[in-house]
Every structure is written in structure tokens, then in C-alpha cells.
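Visitor: Structure in C-alpha cells, see below.
The values are calculated or read from the model by the stated rules, or taken from the named source; none is laboratory data. This is a predicted model, so every value here is computed, not measured. Neighbour counts are summed over all protein chains in view; Cβ atoms, including those assigned to glycine, are modelled from backbone coordinates with ideal geometry. These area figures cover heavy atoms from the full protein model, side chains too; ligands, DNA and RNA do not enter into them. Shrake-Rupley method; radii C 1.70, N 1.55, O 1.52, S 1.80 Å.
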Amino acid sequence: MSVTRINPPTLAKPSGFAHATRCGDIVHLAGQTALTPDGKIVEGGIVVQFQQALSNVLAALDAAGGRPEDLLSVTIYLLDIADYQANGKEIGRIWRELAGTEYPAMAGIGVTSLWQPEALIEIQAVAVLDSGAA
């Protein structure tokens with residue numbers, strides 16, 4: 001099987017990586033921060049950054065032919081776990097609004113830094129597409 005690299009024009013232009021790679025029905029989604037299409041991290045704290053980062057993951061998934069319910073696993077890298085937990089209800093609301101209630105396996109991992117210094121969160125995922133998708 002061949003690998004397809006996917007870089008939707010709605011996301012910032014990648015440099016040295018692909019936003020998604022697809023091989024058959026498996027899609028690996030690159031880590032997404034709260035980067036806007038013009039290459040800037042959104043300001044406003046963890047909730048706003050979570051919303052942008054998840055939107056970026058879902059945009060890459062959509063471009064690969066997938067839907068949120070196709071997510072198999074999600075890893076969330078956080079600079080401040082306590083801040084994420086303190087905003088858990090709002091973050092959960094955003095998840096349900098953008099991705100629904102079919103939850104994948106998830107992990108939250110505390111890190112000391114991310115690629116962009118202004119980023120508070122990065123979300124990476126794997127999806128398995130329904131055989132009827134794309």
C-alpha cells in the first residue's frame with residue numbers, strides 16, 4: 001500500500017512534516033497546536049488553544065476522508081496539566097461540540113515545552129476510517 005501525505009490548505013503550511021498521512025484506512029494525524037492558517041498561535045489561554053488545536057486535528061482528518069468518530073486514539077501534550085484540569089468542563093463542552101460523544105482512547109501528557117513557545121497544548125491522533133469513507 002502507498003502512503004498519501006495530506007496537507008489541507010486551511011492549515012498553516014507545514015515545513016518538514018505532513019499534517020496527515022494515510023495508508024489504506026489508517027490515518028496518522030500530526031501534532032497540532034493552536035496555530036492559525038497564517039502561522040500564529042491563538043491567544044487567550046488553554047481553552048481557546050484547545051479549541052484551535054482540536055479544530056486543526058479535525059481539519060486534517062477531514063482532508064484525509066475521515067470524521068471525528070473515526071478517531072482511534074488521541075494524545076494531548078500539555079504544558080500545565082492543572083490548568084487543563086481546572087478548565088475540564090469547558091474543554092469537554094468544546095470536544096462534544098466539535099467531535100461528538102464517540103470518545104477515542106486518550107492520554108494527557110505533561111511536557112516542559114512545545115515546538116512553538118506560545119503553545120500551551122498539542123494534540124496528536126490516529127484514526128481508522130470506515131471502509132466506506134473517501
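Visitor: Summing +1 for each Lys or Arg and -1 for each Asp or Glu, what net charge is found among the other residues whose Cβ lies under 12 Å from the Cβ of residue 65?
Guide: Result for the neighbourhood of residue 65: -2.
Visitor: Rounded to the nearest whole Å², what accessible area per residue is found for the chain with the 1.4 Å probe?
Guide: 54
Visitor: Using the Cα centre of the chain as origin and beta-carbon charges of +1 (Lys, Arg) and -1 (Asp, Glu), tell me which of 34, 101, 59 is placed farthest towards the positive end of the dipole.
Guide: The residue sitting farthest along the positive end of the dipole is 59.
Visitor: In a Gaussian network model over the chain where Cα atoms closer than 10 Å are linked, find which of 30, 86, 18 has the largest mean-square fluctuation.
Guide: Between 30, 86, 18, it is 86 that shows the largest mean-square fluctuation.
Visitor: Report, to the nearest 10°, how far helix 46-63 tilts away from the longest principal axis of the Cα atoms in the chain, using its own Cα long axis and a range of 0 to 90°.
Guide: Roughly 0 degrees between the two axes.
Visitor: Using a Förster distance of 22 angstrom, determine the FRET efficiency expected from the C-beta separation of residue 115 and residue 10, and round it to 0.05.
Guide: 0.65
Visitor: Ranking request for peptides 44-51, 8-15, 106-113: highest mean number of other beta-carbon atoms within 10 Å first, then the rest in descending order.
Guide: 44-51, 8-15, 106-113
Visitor: Counting only protein heavy atoms, what percent of the accessible surface of the chain is carbon or sulfur at a 1.4 Å probe?
Guide: Roughly 53 percent of what the probe reaches on the chain is carbon or sulfur.
Visitor: Per q in 0.13, 0.20 Å⁻¹, report the Debye log10 I(q)/I(0) for region 5-75, using one uniform scatterer on each alpha carbon and no solvent.
Guide: -0.34, -0.79
Visitor: Right, something else. Given Cβ point charges of +1 (Lys, Arg) and -1 (Asp, Glu) and nothing else, what value in debye, to the nearest 20, does the dipole of the chain about its Cα centre take?
Guide: 200
Visitor: Counting only other residues whose beta carbon sits under 13 Å from that of residue 126, what net charge do I get with K and R as +1, D and E as -1?
Guide: Computed value for this residue: -1.
Visitor: Same structure, new question: Quick one: among 20, 64, 99, which has the greatest mean-square fluctuation in a GNM of the chain with alpha-carbon springs under 10 angstrom?
Guide: Residue with maximal mean-square fluctuation among 20, 64, 99: 99.
Visitor: Let me ask something else. To the nearest 10 degrees, how steeply does helix 88-99 sit against the main Cα axis of the chain, on a 0 to 90 scale?
Guide: Orientation of helix 88-99: about 20 degrees from the principal axis.
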